[in-house]
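Worksheet: one structure, shown below.
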Amino acid sequence: MSRTQSFTRFALGSGFALAGSAAALAVDLQVTGLSPQRHTGSALINTAISITFDRAVNPASINNNTFRVFGMETGPVAGSFSFSNGNATVTFTPSRRLFWGDVISVTLARSIAAADATGTLRSAGYQYQFMTHVKPSLGTFTEVQEWSVDQPGEFNRIYGGQAADANNDGWVDVTLVCENSNDLRFYENRADGSGLFEPLQGRISPMGPVPSPNVASDFNNDGLLDIATGNFGGDISIAFGNGAGIFGNRVDISAGSARGIVSYDADGDGDYDLACSVPGDNKIFLMLNNGSGGFSAPTLIEGGSNGEYGLCAADMNNDGIMDLVVGHEAGQTIQVLRGNGGASYTGTGLRNAGGACWVIVCGDVNGDGNIDVNSANSGAGNASILLGNGDGTLQNRVTYSSSAHTPATDLADIDGDGDLDMLISSFGAGLWRLYRNNGAGAFTFVQDFPAASNPACAIFLDADRDGDMDMIQLDEIADFATLFHNNNRVVVGDMNCDGFVTVGDIAAFVIALTTPEDFLINFPSCEIENADTNGDGFVTVGDIAGFVSLLTGG
């Protein structure tokens, strides 16, 4: 973390002392340690989150408003705080396990104070992200469910969606955004391990005109999932969740015709602000949250070229301040707007996108600890990867074909090997195209998934809570959502999930058999079902003989 601190030194005679001493000077509290590490993709789903500061913090300044945790799938994360290392380390223990393959954001407010009253966290606050790990799988998919968002005679036009736990039952639900009907449609996970979803059941939340891009957050800090949409017909709409899968109490923000939308803490006060790209104005619009879900009038930010369209928020230079990655449709370029704190930004230079940039997603694709950029390039029929240098600048693009008009690209670890793979949605070619990462950020074509009509995008999620990444493909014109389960690589008897049955599995098998409630605590990266060696659906003493046989080579 780089920061400039100003100090004033006084040379006084030896017979004088400076009243108040150096300890009374206000010096920013600094973050010196993170666990899990920034941008890691291997955090356990029951991980605690620890932040270490350069000196003791005042415990009274740590609470759910100043130290916030949010998962893209898990949603707002509740938990408890503890202090160690002379109160210089704050540990947040989630009240429930996080979701597999989830992006977790940790947000620290500028009001966190030192115990000796010498200062608070810098005015920019501090924000960082990491990912929970994914179990190894074959990385192949089987279609298990398909549904239409239309009632007879309707054409609602799916354009996007969110996979997140909207009813706080520990299972990921799906909320789809429909352009023509101007609404959100909620589909509840059956929560029975099948990984299937209930019918619509009338859960529709009206939004503004032509909602398309969307983002989930907790804007009013009530611990419930909210959803905001950028509306091509004008404005942003926010639907506040009630924790039961209903999104209501909608508010609209005047922000032009938004095409990209992100949520992050832009001003360091600990709550989630909104930014959107508005190509008609050639600007980024930034709206600051008042902490209760009310937003300021937009501040306009120059995006560096023409037709600001794709937008992603990520820490591109690893300083704990979120930056904005902007993709330009008309300019066919990408620029990182490096966050300075205080909701101000500095451009780092344009890079060619490879086409008219439509969507931007961010992730560490080559495992070097720096965030990289993935761009879907509209009429060019391709998607691009631009590796990040860790200082807010990008390397030259490498493009991957999608055959025709490309409205979306998505990153996820489809095979559990620790790197992010890429799925490109081709509206024009009528297919989804899957590329596998070699671990160094180079991608190889794997498979095309034909669409009934024209793809809009896809959603990666762990629908059946088995630890691997499943997939929902959204067909914009056919108005179908199609769910695919990942074909996971279960090795019966492999209790520590290292891929083999060895003596190292004995202790875990005994715990699964005798105290199953302790299994996840002790072996969070595996599932108790692996102990079912006789395949009767239960873990009982009847599985002992099968486990011994597997252990001894039977």
Across segment 113-140, which residue is most open to solvent (accessible area, probe 1.4 Å) among those that are more than 17 Å from D462 (Cβ to Cβ) and polar (S, T, N, Q)?
S123
Report, by residue number, each residue of segment 477-528 that is in a helix (DSSP H, G or I), hydrophobic (A, V, I, L, M, F, W, C) and open to solvent by 50 Å² or more (accessible area, probe 1.4 Å).
V503, I506, A507, V510, L520, I521
Out of (1) under 22 Å from the mean Cα position of the chain (by Cα); (2) within 29 Å of T399 (Cβ to Cβ); (3) not β-branched (V, I, T), the odd one out for F449 is which?
(1)
Exactly one of these conditions fails for R55: (1) open to solvent by less than 20 Å² (accessible area, probe 1.4 Å); (2) outside any strand (DSSP E or B); (3) more than 16 Å from G223 (Cα to Cα). Give me its number.
(1)
In the set R110, R97, which member is open to solvent by 50 Å² or more (accessible area, probe 1.4 Å) and modelled with pLDDT under 95?
R97
What number of residues within segment 430-445 are open to solvent by 40 Å² or more (accessible area, probe 1.4 Å) and assigned to a loop (DSSP other than H, G, I, E, B)?
3
Can you work out which of the residues in segment 372-401 that are modelled with pLDDT under 95 and not in a strand (DSSP E or B) is least open to solvent (accessible area, probe 1.4 Å)?
G381
In the list S277, S296, which residue meets the criterion of being among the hydroxyl-bearing types (S, T, Y), open to solvent by 30 Å² or more (accessible area, probe 1.4 Å) and without any contact (Cβ under 8 Å) to a residue 60 or more places away in the chain?
S296
Of everything in segment 402-422 that's closer than 17 Å to C362 by Cβ and either hydroxyl-bearing (S, T, Y) or out of contact with any Ser or Thr (no Cβ under 7 Å at 6 or more places or on another chain) (or both), which residue is surrounded by the most Cβ atoms within 10 Å (Cβ to Cβ)?
T409
R38 vs. criteria within 29 Å of N370 (Cβ to Cβ), in contact (Cβ under 8 Å) with a residue 60 or more places away in the chain and in a loop (DSSP other than H, G, I, E, B)
yes
Counted residues, segment 485-516 - those being at pLDDT below 80 and among the charged types (D, E, K, R)
2
With the requirement that a residue be outside any loop (DSSP other than H, G, I, E, B), open to solvent by 10 Å² or more (accessible area, probe 1.4 Å) and among the charged types (D, E, K, R), what does segment 141-182 give you?
E143, E146
Looking at the structure I just gave you, is D543 more than 30 Å from W432 (Cβ to Cβ), of a type in the set (D, E), crowded, with 18+ Cβ neighbours inside 10 Å and in contact with a helix residue (DSSP H, G or I) (Cβ under 7 Å, 6 or more places away or on another chain)?
yes
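Here's the yes/no breakdown for (1) touching a Gly at 6+ places or on another chain (Cβ under 9 Å); (2) within 30 Å of N370 (Cβ to Cβ):
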position: N221; (1), (2): yes, no
position: G241; (1), (2): yes, no
position: N290; (1), (2): no, no
position: G304; (1), (2): yes, yes
Which listed residue, of N156, N189, is over 18 Å from G75 (Cβ atoms), more than 18 Å from the chain's Cα centre (by Cα) and not basic (K, R)
N156
When you scan segment 300-323, do you find a residue that is open to solvent by less than 30 Å² (accessible area, probe 1.4 Å), hydroxyl-bearing (S, T, Y), in contact with a strand residue (DSSP E or B) (Cβ under 7 Å, 6 or more places away or on another chain) and farther than 18 Å from A383 by Cα, even just one?
yes
Given (1) crowded, with 22+ Cβ neighbours inside 10 Å; (2) outside any loop (DSSP other than H, G, I, E, B), identify the lone condition not met by T348.
(1)
Given (1) in contact with a Pro (Cβ under 6 Å, 6 or more places away or on another chain); (2) open to solvent by less than 50 Å² (accessible area, probe 1.4 Å); (3) among the polar types (S, T, N, Q), number of the condition T91 does not satisfy:
(1)
So the check is Cβ under 6 Å with 6+ separation or different chains; which pairs have a first residue in segment 73-86 that's free of Cβ contacts under 8 Å to residues at least 40 places away in the same chain and a second one that's part of a strand (DSSP E or B) and polar (S, T, N, Q)?
G79/T93; S80/T93; S82/T91
Taking the criterion of being in a loop (DSSP other than H, G, I, E, B), modelled with pLDDT of 95 or more and among the polar types (S, T, N, Q), would at least one residue in segment 453-461 satisfy it?
yes
Just to be sure I understand, how many residues within segment 305-345 are touching a residue at least 60 places away in the same chain (Cβ under 8 Å), farther than 18 Å from I261 by Cβ and part of a loop (DSSP other than H, G, I, E, B)?
8
Just give me the residues in segment 191-210 being surrounded by 14 or more Cβ atoms within 10 Å (Cβ to Cβ) and without any contact (Cβ under 8 Å) to a residue 40 or more places away in the chain, in sequence order.
A191, E198, I204, P209, V210
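The values are calculated or read from the model by the stated rules, or taken from the named source; none is laboratory data. The structure displayed is predicted, hence computed values, not measured ones. A quick note on method: Cβ atoms are made from the backbone with ideal geometry, for glycine too, and the neighbour counts reach across all protein chains shown. The area values use the complete protein model at the heavy-atom level, side chains included, leaving out ligands, DNA and RNA. Shrake-Rupley method; radii C 1.70, N 1.55, O 1.52, S 1.80 Å.
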